[in-house]
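Chemist: Questions regarding the structure given below will be posed in turn.
What follows is calculated from the coordinates using simple rules that are stated; it is not laboratory data. The structure presented is a predicted model; accordingly, all values stated were derived computationally and were not measured. So basically every Cβ, Gly included, is an ideal-geometry build from the backbone, and we count neighbours across all protein chains shown.
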Amino acid sequence: MITSLRKRHRLIWTLWVVLLPMGMIAAVMVVREYPSQELTMHKIPEAYPEVLKAVDHPLGKVNLRKDAGGAYQLELFLKEPISSPAPMLYLNMNGQEEISGNVLVGNILGTGLYRFSVSKEVEQAQGVFFHSKIAGRVVKSIPFTDKPN
Amino acid sequence: MAVGYEPVLWNRQKKRYDLILGGLMALYLALFIGVTLALYPEIVPQTLIIRATATLAILMLHVILSIGPLARLDERFLPLLYNRRHFGVSMFLIAAVHGIFSLIWFHGFGNVNPVYSVFTANMQYNSLVDFPFQTLGFFALLILFVMAATSHDFWLKNLSPRVWKILHMGVYFAYALVLMHVMLGAYQTENSPIQLGLYVLGLITLSGLHLAAGFKQSKTDNAQLLIEQGWIQVGPVSEIPEDCARIVHHGKESIAIFKYEGKLSAISNVCKHQNGPLGEGKIIDGCITCPWHGYQYLPHNGTSPPPFTEKVATYDLKLEGNTVYVNPKGHPEGTELEPLVY
């Protein structure tokens, strides 16, 4: 190469040493972080060890559990879908399948396993029922007819 | 060297060079395809071809860009330089397969011209993350095409070595375009640290080699010369190796002073073929032989031996004691001068 081309060569590579890393860093910085898929259900808490009551029903299984510290847990394994979307689960405390006077436990989104922390009064519950806000009525229920284990 | 033009002036070394090159390319493609099929058996042939040729072309581009500075830094790499044009054309062909397959696969099934589609399918030119990176690859391929098409002594002669060299320096821009093509394209979807690490390693290696070679040369270019009454002091005769040269740079002149058979001759350091450094060559069979492509010149008149017609300038020499001096005002190309006997 002749002198003028050698100068041009040095200039180009000096520019590349500055510009290309800048371009590469910019390209790395703009890489899209695609969000990981969000679960539609919360993480299910661990089951409490002691089973106070177990109910088997065509809709699913209900277990009343307790841990060593005296905390209570209502476990529901819903096998059949509830016809109304997103019903609320209630403890039936007074034998009447209506919202008033009974205890709201949580929201049901579909079939599967649910575990809810509940208070001691669950021991007096006569069953659970599913109330649909959209339908404006109780859509399903599971009475606690089985005897405690 | 050739008197006339032929598509390829084959010789044993070129055949060997091309055979090894072709073998290595085939081996790479076979390995890439084999490993990819083993890891991703569901891959479609089009994607496999696009990726195999893309990675091979990038690898070849890095090797090609390394050859020049390596040969400047260490003459053992000169044999790689000898047939670099075949390497370059091969790389362009591989890159062209990548480009054409990508053009057909990603733009060939719409209702507009595929080339038009490259520039208009994604118009987010003001966005970095969504930049239409394929356009960068398109322009890189265009530069490589121009280089491949003019990679022949016909163009070298007709464009002049200087213009030809400037044109072929376009490969540096092609490299930059290719690097950003992959960083804004393939890297955005498969951003593995290995991929990034390889690009960074490639950039560090190439820029390091080119700058090292460039600044090594600039030291020679800018060396302080002792000029006495228009004559440049070259140094003691004993410091010039037998059948080799000492090079001096003065302004735009670059002069090679050769020592051979008890004589000294000075000719231009710039080869007529590709502006190679004649002073880094040797005298073989009585002729100064360019280290790049073997072009030869007679030391006393700077002309190529018949039937060849290349000519370079010659320079006056004088000896004072044991010290050699050269007059930087050159004679017309091919001027015969009596060698200086020492």
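Chemist: With contacts defined as alpha carbon pairs under 8 Å and 6 or more residues apart, what's the relative contact order of chain B in percent?
Modeler: Details: 466 pairs, mean separation 44.1, N = 342.
Relative contact order here is 13 percent.
Chemist: Once you have the alpha carbon radius of gyration of the protein assembly as shown, what is it after dividing by 2.2 N^0.38 Å, with N set to its residue count? Write down the numbers at each step before the final one.
Modeler: Working: Rg = 39.1 Å, N = 491, 2.2 N^0.38 = 23.2 Å.
The value comes to 1.69.
Chemist: Along each principal axis of its Cα atoms, how long is region A:62-124 end to end? Whole angstroms, biggest number first, please.
Modeler: 36, 26, 14
Chemist: From the backbone phi of region A:77-92, what are the Karplus-calculated ³J(HN,Hα) couplings (6.51 cos²θ - 1.76 cosθ + 1.60, θ = phi - 60°) in whole Hz, Gly and Pro given as x?
Modeler: Working through the residues one at a time gives 10, 7, 8, 10, x, 7, 5, 8, x, 6, x, 9, 9, 10, 7, 8 Hz.
Chemist: If you scale each eigenvalue of the Cα gyration tensor by 5 and take the root, what three semi-axes come out for region B:167-302, rounded to whole angstrom and sorted largest first? It would help to have the intermediate numbers written out before the result.
Modeler: On the way: eigenvalues 351, 56, 34 Å².
So the three semi-axes of region B:167-302 are 42, 17, 13 Å.
Chemist: List B:TYR82, A:TYR90 from most exposed to least, where exposure is judged by having the fewest other Cβ atoms within 10 Å. Please list the in-between numbers first.
Modeler: Values: B:TYR82 18, A:TYR90 23.
Starting with the residue having the fewest Cβ neighbours, the order is B:TYR82, A:TYR90.
Chemist: So for the pair B:VAL112, B:TRP155, with labels modelled 7 Å out along Cα→Cβ, what separation do we get in nm?
Modeler: Result for the modelled spin labels: 3.0 nm.
Chemist: How far is helix B:45-73 tilted, in degrees, relative to the longest principal axis of the Cα atoms in chain B, given as a value from 0 to 90 rounded to the nearest 10?
Modeler: Helix B:45-73 and the main axis of chain B meet at about 20 degrees.
Chemist: What number, rounded to the nearest 500 deg cm²/dmol, is the helix-based mean residue ellipticity at 222 nm of chain A, given -39500 (n - 2.57) per DSSP H run of at least four residues and division by all its residues? Mind dumping the intermediate values first?
Modeler: Working: 1 runs with 27 residues, N = 149.
For chain A, the value works out to -6500 deg cm²/dmol.
Chemist: By how many nm would the segment from B:THR309 to B:HIS250 grow when fully extended, if each residue of separation counts as 0.36 nm and the alpha-carbon distance is taken off? Write down the numbers at each step before the final one.
Modeler: Working: separation 59, 0.36 × 59 = 21.24 nm, distance 2.67 nm.
Answer, rounded to one decimal: 18.6 nm.
Chemist: Taking the Cα atoms of region B:1-158 alone, what are Rg (to one decimal) and Dmax (as a whole number) in Å?
Modeler: So, for region B:1-158, Rg and Dmax equal 18.5, 55 Å respectively.
Chemist: Helix-derived [θ] at 222 nm for chain B: sum -39500 (n - 2.57) over DSSP H runs of at least 4, divide by residue count, nearest 500?
Modeler: Values: 11 runs with 173 residues, N = 342.
It comes out at -16500 deg cm²/dmol, rounded to the nearest 500.
Chemist: Largest first, please: the extent of the C-alpha atoms of region B:84-241 along each principal axis, to the nearest Å.
Modeler: Principal extents (Cα only, largest first): 74, 41, 28 Å.
Chemist: Lysines near B:LYS329 by alpha-carbon distance under 18 Å, same-chain residues fewer than 8 away left out - which ones?
Modeler: Result set, ordered by chain and number: B:LYS252, B:LYS311, B:LYS318.
Chemist: A follow-up question, please. Rounded to a whole number of µm²/s, how large is the Stokes-Einstein D of chain B at 20 °C and 1.002 mPa s, given Rh as the Kirkwood radius over C-alpha pairs?
Modeler: Details: Rh = 22.9 Å.
Roughly 94 µm²/s, to the nearest whole number.
Chemist: Ok, one more. Quantify how much of the Cα-Cα distance distribution of chain A extends past 21 Å, in percent. Mind showing how you got there, number by number?
Modeler: Working: 6320 of 11026 pairs.
That tail contains 57 percent of the Cα-Cα pairs.
Chemist: Can you tell me, using C-alpha contacts under 8 Å and at least 6 residues apart, the relative contact order of region B:1-137 as a whole percent? Could the numbers behind the result be given before it?
Modeler: Values: 78 pairs, mean separation 26.7, N = 137.
It comes to 20 percent, rounded to a whole number.
Chemist: What distance in nm separates the two pseudo spin-label positions at B:ILE227 and B:GLU75, each 7 Å out from Cα along the beta-carbon direction?
Modeler: Placing both labels 7 Å along Cα→Cβ, they lie 2.9 nm apart.
Chemist: Could you work out the local net charge near A:ALA135, counting Lys and Arg as +1, Asp and Glu as -1, over the other residues with Cβ closer than 15 Å to its Cβ?
Modeler: Values: positive: A:LYS133, A:ARG137, A:LYS140; negative: A:GLU97, A:GLU98.
My count for the surroundings of A:ALA135 gives +1.
Chemist: Label A:LEU5 and B:THR120 with points 7 Å out from Cα along Cα→Cβ: what is the distance between them in nm?
Modeler: Result for the modelled spin labels: 4.0 nm.
Chemist: Further question: Within 10 Å of each Cβ in B:205-217, how many Cβ atoms from other chains are there, averaged over the peptide? Let's see the in-between values first.
Modeler: Numbers: counts 0, 4, 7, 2, 1, 7, 6, 1, 4, 9, 3, 0, 6.
So the per-residue partner count for this stretch is 4.
Chemist: Expressed as a rounded percentage, what relative contact order does region B:209-342 have, with Cα pairs under 8 Å and six or more residues apart? Working shown, then result.
Modeler: Values: 287 pairs, mean separation 29.5, N = 134.
Over region B:209-342, the number comes to 22 percent.
Chemist: Next question, about the same structure. With springs connecting C-alpha atoms under 10 Å apart, model chain A as a Gaussian network and identify which of A:ARG115, A:ARG137, A:ARG32 has the largest mean-square fluctuation.
Modeler: In this elastic network of chain A, the residue with the biggest mean-square fluctuation among A:ARG115, A:ARG137, A:ARG32 is A:ARG32.
Chemist: Hey, what's the Cα Rg ratio for region B:68-125 versus the globular rule of thumb, 2.2 N^0.38 Å? Let's see the in-between values first.
Modeler: On the way: Rg = 18.6 Å, N = 58, 2.2 N^0.38 = 10.3 Å.
Rg over 2.2 N^0.38 Å, computed on Cα atoms: 1.80.
Chemist: For chain B, find the longest principal axis of its Cα atoms and tell me its angle to the long axis of helix B:193-221, 0 to 90°, nearest 10.
Modeler: For helix B:193-221, the angle is close to 20 degrees.
Chemist: How many partner chain Cβ atoms sit within 10 Å of a residue's Cβ in peptide B:187-194, on average, as a whole number? Write down the numbers at each step before the final one.
Modeler: Numbers: counts 4, 5, 2, 0, 4, 0, 0, 0.
Averaged over the peptide's residues, the number is 2.
Chemist: Sticking with this one: Between helix A:3-29 and chain A, what is the angle of the helix's C-alpha long axis to the longest principal axis, kept within 0 to 90° and rounded to the nearest 10?
Modeler: Tilt relative to chain A: about 10 degrees.
Chemist: Please list log₁₀ I(q)/I(0) at q = 0.18, 0.20, 0.30 Å⁻¹ for region B:263-319, using the Debye equation with identical point scatterers on the alpha-carbon positions.
Modeler: Result of the Debye calculation: -0.51, -0.63, -1.37.
Chemist: Right, next: Could you list, in their original order, any pairs among B:LYS14/B:LYS259; B:LYS14/B:LYS263; B:LYS165/B:LYS263; B:LYS15/B:LYS165 whose Cα atoms are separated by more than 28 Å?
Modeler: Values: B:LYS14/B:LYS259 31 Å; B:LYS14/B:LYS263 34 Å; B:LYS165/B:LYS263 34 Å; B:LYS15/B:LYS165 25 Å.
Checking Cα-Cα distances, B:LYS14/B:LYS259; B:LYS14/B:LYS263; B:LYS165/B:LYS263 exceed 28 Å.
Chemist: I want to verify the translational diffusion coefficient of region B:22-80 in µm²/s; compute it with Stokes-Einstein, Rh as the Kirkwood radius over Cα pairs, at 10 °C and 1.306 mPa s.
Modeler: Numbers: Rh = 13.1 Å.
D = 121 µm²/s.
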